[in-house]
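Engineer: Okay, here's the structure, questions in a sec.
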Amino acid sequence: MNVEGGTRNAEQQGRLLPSRDLRERTKAFALDVIRLVQNLPRDRTADVIGHQLLRAGTSVAANYRSARRARYRREFLAKMGIVEEEADESSFWLELLVQARLVASDRVAELSREAGQLVAITVASIHTARGGRGSAPRSAFRVPRSSQCS
C-alpha cells in the first residue's frame, strides 16, 4: 500500500499540492479548524455548528494517522473511507457557517480549499490501495444494492 500515492495521483491530475507530508497536512487542518471554532461567535447556532466542525475536522487527522498504522488493506481502506467522509463533512460545516453568516467566506476560503483537496487526495489514495481498478478514482462510500422487490 502506498499511502502517499494518492498525493502523487492528485498532482498528476493537475491539482497543485504543497509538498508537505499528508500526516502534517491533516494535523494542520485540524489545528486550523480548532482555531476557527475558538473564534466563532458565542451563540447557540455557532456552538452547534462549531462542535460538529470541530469533531469532523479533528477526526480527519486522527483517522489518517490510524490508517497509516493499518495492518491490513481492508483496515486501511476502512480508515481512509472515514477520512474521506470526515473531510467532506468538514467542508459541509464550513459552507454552512458562511451561508448562516456566522463567518465571512474569505475567512474560511483556504480551509474550505484544503478540505476539498483532502477529499480528492483521500479518494485517489483509496483508488490506489484498491489496485487502481476502474477508470477513475471514486469515493470509498458504497452504494447499497437494493434487493429485488416482489
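The values are calculated or read from the model by the stated rules, or taken from the named source; none is laboratory data. Only a predicted model underlies this, so the values are computations on that prediction, with no experimental measurement involved. Cβ: placed from backbone, ideal geometry, glycine included. Neighbour counts: every protein chain shown.
Yes/no per residue for (1) touching a residue at least 24 places away in the same chain (Cβ under 8 Å); (2) assigned to a helix (DSSP H, G or I); (3) surrounded by 19 or more Cβ atoms within 10 Å (Cβ to Cβ):
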position: Ala56; (1), (2), (3): yes, yes, yes
position: Val60; (1), (2), (3): yes, yes, yes
position: Ser66; (1), (2), (3): no, yes, no
position: Leu77; (1), (2), (3): yes, yes, no
position: Gly81; (1), (2), (3): yes, yes, yes
position: Glu85; (1), (2), (3): yes, yes, yes
position: Ser90; (1), (2), (3): yes, yes, yes
position: Trp93; (1), (2), (3): yes, yes, yes
position: Leu97; (1), (2), (3): yes, yes, yes
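Engineer: Taking region 53-78 only, how many residues are farther than 16 Å from Ser125 by Cβ, of a type in the set (Lys, Arg) and within 15 Å of the chain's Cα centre (by Cα)?
Structural biologist: Residues in region 53-78 being farther than 16 Å from Ser125 by Cβ, of a type in the set (Lys, Arg) and within 15 Å of the chain's Cα centre (by Cα): 1 in total.
Engineer: Shifting gears a bit: Mind checking which residues of region 23-52 are among the polar types (S, T, N, Q), over 17 Å from Ile121 (Cα atoms) and either more than 18 Å from the chain's Cα centre (by Cα) or surrounded by 20 or more Cβ atoms within 10 Å (Cβ to Cβ) (or both)?
Structural biologist: Matches in region 23-52: Gln38, Asn39, Thr45.
Engineer: Can you tell me which of (1) under 30 Å from Gln38 (Cα atoms); (2) at pLDDT below 95; (3) among the hydroxyl-bearing types (Ser, Thr, Tyr) is the one Ser66 doesn't meet?
Structural biologist: (2)
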